[in-house]
1. Tell me which of these Leu478 doesn't satisfy, since it passes every other one: (1) open to solvent by less than 50 Å² (accessible area, probe 1.4 Å); (2) at pLDDT 70 or above.
2. Among the residues of the range 64-108, which ones are open to solvent by 50 Å² or more (accessible area, probe 1.4 Å), touching a residue at least 24 places away in the same chain (Cβ under 8 Å) and of a type in the set (Ser, Thr, Tyr)?
3. Please find, among Leu287, Leu258, Leu242, the residue that is out of contact with any Gly (no Cβ under 9 Å at 6 or more places or on another chain), within 22 Å of Gly405 (Cβ to Cβ) and open to solvent by 30 Å² or more (accessible area, probe 1.4 Å).
4. Given the options Gly277, Gly272, Gly282, name the one that is in the same structural domain as Ile340 (by the TED database), touching a Leu at 6+ places or on another chain (Cβ under 9 Å), surrounded by 22 or more Cβ atoms within 10 Å (Cβ to Cβ) and at pLDDT 80 or above.
5. Select from the range 304-325 the residues that are hydrophobic (A, V, I, L, M, F, W, C) and closer than 19 Å to Val21 by Cβ and list them in ascending order.
6. On the given criteria, is Tyr346 of a type in the set (Ser, Thr, Tyr) and free of Cβ contacts under 8 Å to residues at least 24 places away in the same chain?
7. Quick one: count up the residues across the range 284-327 that are among the aromatic types (Phe, Trp, Tyr) and touching a residue at least 40 places away in the same chain (Cβ under 8 Å).
8. Kindly list, by first and then second residue, each pair from a residue in the range 357-369 that is closer than 17 Å to Ala279 by Cα and among the basic types (Lys, Arg) to a residue that is surrounded by 15 or more Cβ atoms within 10 Å (Cβ to Cβ) and at pLDDT 85 or above, limited to pairs with Cβ atoms under 6 Å and residues at least 6 apart or on different chains.
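The values are calculated or read from the model by the stated rules, or taken from the named source; none is laboratory data. All of these numbers come straight from a predicted model, not from anything done at the bench. Glycine gets a Cβ as well: all are built from the backbone with ideal geometry, and neighbour counts include every protein chain shown. For the accessible areas, the whole protein counts, side chains as well, though only heavy atoms, and no ligand, DNA or RNA atoms are used. Shrake-Rupley method; radii C 1.70, N 1.55, O 1.52, S 1.80 Å.
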Amino acid sequence: MAQEQSTSRLVITVAVMLAVVMQVLDLTIVNVALTYMRGSLQANSDQITWVLTAYMVANVIVLPLTGLLVERYGQRNIMLWSVVGFVISSALCGQSHSLTEIVLWRFLQGIFGASLAPVGQTIMLGAYPANKRGQAMAILGMGIMLGPILGPTLGGYLTDTLSWRWVFYVNIPFGILAFLLMQSVPDGGKSANPRPVDWTGFALMALGLGSLQGILSLGDQDDWFSSQTIIILTLITILGLLFFVWRSLSVKHPVVDLRLLKDRNLAIGSMGIGIFGLALFGTMVILPIMLETLMHYEAFTAGLAMAPQGIGAMLAMMLAGRLLGKGINPRDIVLVGIVIGAFGTYLTTLYDLNINIDWVIWPSFIRGIGFGLVTIPLFTLAFTTLKKSQQAEGSGIFNLMRTLGGSVGIAIVSTVMSQETQVGWNQMSKFINPFNPAFHQYLAAAGMTQNPTTWQVLGNVVLYNQANMRGTLDAFVLVFYGFLVMIPLILFLKKPAPEKGENTPPPVQE
């Protein structure tokens, strides 16, 4: 009997891991192929970013509906439909021949992929006994971290050796295998009397969150509020979200029950995971740009150099799962993780253009350990004071903040990098003039004379690289402070009560 349960648990774990890794991988694997897609689809650099924006907008809109969908259709059905829809839309993305086509299929891909991680994790929590749920979340967390590790590396390899279309086709075998294994997963979560759908609230939420995601995705390239599009999207976001909050607090069965935010742990935990998203995704934006643009690494090599961060996170998640199983206060684990993550990020603020690969690997590994120690215990803390019946609804709010935090982090980090690069350029360029004695000493030491070639070299090589490195370091400083801001929030979280069978760790999304 015990062996049958163990085998069933293994099948469930593999099925869920395949589905979740497939979805998480798609968040990062497409980025490296955008340049190739731009030429094939006859799009400019601004237009091609809609391939990313469409996916994120769909995710943000559907994610809060996870609890409601499970209540109406059940966990297994949602997973099966999501996998089938994700695979079909992936295949359609791969065969696209215009920007309009691929944006449409990416939007559908985001709709079907949004529920895979939270529902899959709910299924895993039900498959493991209470004393092993921390370990179950750690196992799944390790799989989720494969996305940021494999995404840039696998995407670069497939694009270089085959074509950009294979970053979508690669989902097909994973999806088919996940669908077959998912047939043996027990169903659950379906309610005999599901809540009615508040379509007005859903429309307001979709309008507000979709516009917000559009602002975050397009703000930096459109120079924020100098763009009329951004101004219009901002007005739509404010009005949509204000009316959505009013609607959610006024009706008996809102599409997302915001009243749950009265729970201190869920509210603070959601804020914490939002800031954590800034640190995680902000780092995933900074490092590839630095390695490929300033250090001149190839895309595949840059992906390998970033892999230690994921390895450190996976090892730390294993450790966190064991510590939680032994009754260690998750708040203490999170605080240790924040300190370690902050230290790993502080090391990156000491970078210069002459660092070797060791200075990339070890800070990334240390930072990854911090990420891993924060993730699982923070999930536990955020949901420890919620009733079991409230957790599906709370999961939608929590994971929404996780996704939005990542989007805000990407937007802020990208803006800081571009603006501080320009500031650095302006400040350094004033020293390059014939009246500066240090300038003449530099030319003499470099064996250069004042001629048009010298000015070109100084402007395009020295100033460009130095200014971009300054912008990169300022972005790392922002991530470092993001870790520090989390500390006072975590101190206000309540310690989990002893396990009584009512509360379980939450379904989460990485």
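1. Just one mismatch for Leu478, condition (1).
2. Hit for the range 64-108 is Tyr73, nothing else.
3. So the residue among Leu287, Leu258, Leu242 that is out of contact with any Gly (no Cβ under 9 Å at 6 or more places or on another chain), within 22 Å of Gly405 (Cβ to Cβ) and open to solvent by 30 Å² or more (accessible area, probe 1.4 Å) is Leu258.
4. Criteria check complete, one pass: Gly272.
5. Across the range 304-325, the qualifying residues are Leu304, Met306, Ala307, Ile311, Ala313, Met314, Leu315, Ala316, Met317, Met318.
6. no
7. Residues that pass the stated criteria total 1.
8. Listed pairs, sorted by first residue: Arg367/Gly341; Arg367/Gly344; Arg367/Thr345.
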